[in-house]
Amino acid sequence: MNNEWLDTIVVARHDATSRIVVLDLVSPDGVELPEFAAGAHVDVLVDGAAGLVRQYSLCGPPHDRARYRLAVLAEAASRGGSLGMHRLRAGDRLRISRPRNRFGVSDRARRHLLVAGGIGVTPLLAMAHALEAGGAEYELHYCARSRAESAFLDELERNPRVRLHFDDGPDEQRLGIATDLGPPDPDTALYVCGPGGFMDFVISSALGAGWPAEAIHKERFAPVEDVAAHTAGGAFTVRLAKTGGEFEIKDGESVLDVLLAAGVDAPYSCQQGICGDCIVRVLAGEPDHRDDVLTDRERADGMFTTCSSRALSPILELDL
């Protein structure tokens, strides 16, 4: 992981719901934090001793560089990340990376439809701030189990461009693909973020309604498949174009893990095929894409995730 860690201080903390904590971070010396575009996330060093790093979206206004805002859901099956974040208090120090972004606002669209499920509202909230500031046309649809489990309601209910959808509410206010998304429009981009099942429903419904895949932008917080499925398969060889080094990738191994074990300075972050930080270019060979971050166009252009994808050809040459 090639992070330049930034020191921050938790300047404010509050419980938005019984399971969601909102944290405001500032620089310890009072200087502005690095700029970021809506949709960006940061790596957070939750536990330095254990090397525990997690990724969280920035949900505050991108023009406010005095502080970063994170909202973290306490996961029932947490491996220590979300629970560690919930233990933070005002005055605690936290190390984070510079913001990175593969889920930005499309510069090709005139209109923007933001569809959030639960804690997936975090990057879309930053997008709403940016679109509002730029005078762009947008709608934000926020879906949650109930009002009690919804964060940022005080802010969102005042915005006429926001539609709230609760599972325990009347049928007429629930999200409807035909009514709320409408038919595909070449000038409209659709953004989806939230739990896997929610995202699968929205994306498959939109595709079924005729929305082109290139108009749908998504970010997942967890891989679609079990991580073990990323490394299953026959052995193949990875060749590094810049050094000429060759490495055998066996069944059960990822390209990234083998390269890191050999001391190769390869980029990475989440190691689950959802953040895009490990992307490199394939120069020769046929990839077996198993990520959930690359678009069809990026795959056609030779992009490849070393943490989760394999090869269909005996040799895969990478631009490393």
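Tell me, what ³J(HN,Hα) does each residue in the stretch 238-252 have, in order and in whole Hz, if you take phi through Karplus 6.51 cos²θ - 1.76 cosθ + 1.60 with θ = phi - 60° and put x for Gly and Pro?
So the Karplus estimates, Gly and Pro as x, are 9, 10, 9, 5, 7, 10, x, x, 10, 9, 7, 10, 8, 4, x Hz.
With axes computed from alpha carbons, what is the tilt in degrees of helix 196-208 against the longest principal axis of the chain, rounded to the nearest 10 within 0 to 90?
With both axes taken from Cα atoms, the answer is about 90 degrees.
Given a Förster radius of 30 Å and the C-beta distance between Ala178 and Arg145 as r, what FRET efficiency does 1/(1 + (r/R0)^6) yield to the nearest 0.05?
0.85
If one computes P(r) from the Cα atoms of the stretch 242-320, what percent of pairs lie at distances over 22 Å? Mind dumping the intermediate values first?
Details: 399 of 3081 pairs.
Considering the stretch 242-320, 13 percent of its Cα-Cα pairs are separated by more than 22 Å.
Between Asp319 and Arg108, what length in nm is gained on full extension when 0.36 nm per residue of separation is reduced by their alpha carbon distance?
Gain on extension, Asp319 to Arg108, equals 73.1 nm.
Which cross-chain or sequence-distant (5 or more) residues have an amide H under 5 Å from the amide H of Cys278, H modelled 1.01 Å from N in plane?
Amide H neighbours of Cys278: Ser269.
What FRET efficiency do you get for Asp92 and Ala261 if R0 is 30 Å and r is their Cβ-Cβ distance, rounded to the nearest 0.05?
Efficiency for this residue pair is about 0.30.
Amide H of Val162 versus every other amide H placed in the peptide plane: which residues, excluding those fewer than 5 positions away on the same chain, fall under 5 Å?
The answer is Leu140.
With bins 5 Å wide starting at 0, give me the P(r) of the stretch 59-212 over every alpha carbon pair, in whole percents.
Calculated P(r), rounded to whole percents: 2, 8, 16, 21, 21, 15, 10, 5, 2, 0.
Under 14 Å from the Cβ of Glu172, count the other residues' Cβ atoms, weight Lys and Arg +1, Asp and Glu -1, and hand me the total.
-2
Along the charge dipole of the chain, Cβ charges K/R +1 and D/E -1, which of Val11, Cys278, Val105 sits furthest on the positive end?
Val11
Using only the Cα atoms of the chain, what semi-axes does the equivalent ellipsoid have when each is the square root of 5 times a gyration tensor eigenvalue? Give whole Å, largest first.
Numbers: eigenvalues 218, 131, 63 Å².
With the √(5λ) rule applied to the chain, the semi-axes are 33, 26, 18 Å.
Place a +1 charge on the Cβ of each Lys and Arg in the stretch 1-152 and a -1 charge on the Cβ of each Asp and Glu, then give the dipole magnitude about the Cα centre in debye, rounded to the nearest 20.
Here the stretch 1-152 has a charge dipole of around 360 debye.
Semi-axes, largest first, in whole Å: what does sqrt of 5 times each Cα gyration tensor eigenvalue give for the stretch 138-223? Walk me through the intermediate numbers first.
Values: eigenvalues 95, 46, 34 Å².
Over the Cα atoms of the stretch 138-223, the semi-axes work out to 22, 15, 13 Å.
With +1 on each Lys and Arg Cβ and -1 on each Asp and Glu Cβ, and nothing else charged, work out how big the dipole of the stretch 83-237 is about its Cα centre, in Debye to the nearest 20.
Computed about the Cα centre, the dipole is about 780 debye.
Could you give the size of the charge dipole of the stretch 216-320 about its Cα centre, using +1 on the Cβ of each K and R and -1 on the Cβ of each D and E, expressed in debye and rounded to the nearest 20?
That gives a dipole near 120 debye.
Give me the net charge of Ala284's neighbourhood, meaning all other residues with Cβ under 12 Å from the Cβ of Ala284; Lys, Arg count +1, Asp, Glu -1.
Details: positive: Arg239, Arg281; negative: Glu286, Glu317, Asp319.
Residues close to Ala284 contribute a combined charge of -1.
Under 17 Å from a point 7 Å along the Cα-to-Cβ line of Ala74: which residues of the stretch 1-31 have their amide N that close?
Residues 13-23 fall inside that zone.
May I ask you to derive the FRET efficiency for Glu214 and Ala136 from their Cβ-Cβ distance with R0 = 22 Å, giving the value to the nearest 0.05?
Here the calculated transfer efficiency is 0.70.
Suppose the chain between Asn159 and Ala222 were pulled fully straight at 0.36 nm per residue; how much longer would it get relative to their current alpha carbon spacing?
Working: separation 63, 0.36 × 63 = 22.68 nm, distance 2.94 nm.
Here the segment from Asn159 to Ala222 would lengthen by 19.7 nm.
Quick check: pseudo-label points 7 Å beyond the Cα along Cα→Cβ at Lys250 and Leu283, how many nm apart are they?
Distance between the two pseudo-spin positions: 2.8 nm.
Quick one: pull the percent of accessible area on the chain belonging to carbon and sulfur, 1.4 Å probe, ligands and nucleic acids left out. It would help to have the intermediate numbers written out before the result.
Working: 7130 of 14880 Å².
Within the chain, the accessible surface is 48 percent carbon and sulfur.
Using only DSSP helix segments of four residues or longer, with each worth -39500 (n - 2.57), what per-residue ellipticity at 222 nm results for the chain after dividing by its residue count and rounding to 500? Before the final figure, lay out each step's value.
On the way: 7 runs with 52 residues, N = 320.
When only DSSP H runs of four or more count, the value is -4000 deg cm²/dmol.
Size of the stretch 42-130 along its principal axes in angstrom, Cα-based, largest extent first?
Extents along the principal axes: 46, 30, 22 Å.
With every protein chain left in place, what is the accessible area of Glu286 in Å² (1.4 Å probe, nearest 10)?
Ignoring ligands and nucleic acids, Glu286 comes out at about 100 Å².
Dipole of the stretch 117-160 (Lys/Arg Cβ +1, Asp/Glu Cβ -1, origin at the Cα centre): which of Leu156, Cys143, Ala128 lies farthest to the positive side?
The one lying farthest along the dipole's positive direction is Cys143.
Counting only heavy atoms of protein chains, what accessible area per residue, in Å², does the chain have with a probe of 1.4 Å? Please list the in-between numbers first.
Details: 14880 Å² over 320 residues.
So the chain comes to 47 Å² accessible per residue, rounded to a whole number.
Above 27 Å lies some portion of the pair distances; for the stretch 169-320, what is it as a whole percent of all C-alpha pairs?
Counting pairs separated by more than 27 Å, the tail of P(r) holds 33 percent.
If we count every other residue with Cβ under 12 angstrom of Cys275's Cβ, Lys/Arg +1 and Asp/Glu -1, where does the sum land?
Residues close to Cys275 contribute a combined charge of -1.
The values are calculated or read from the model by the stated rules, or taken from the named source; none is laboratory data. From a predicted model like this one, the values you see are computed outputs, not experimental measurements. Every residue, glycine as well, gets a Cβ built from its backbone with ideal geometry; the counts of neighbours run over all protein chains shown. We work out accessible area using only protein heavy atoms, side chains counted, and drop any ligands, DNA or RNA first. Shrake-Rupley method; radii C 1.70, N 1.55, O 1.52, S 1.80 Å.
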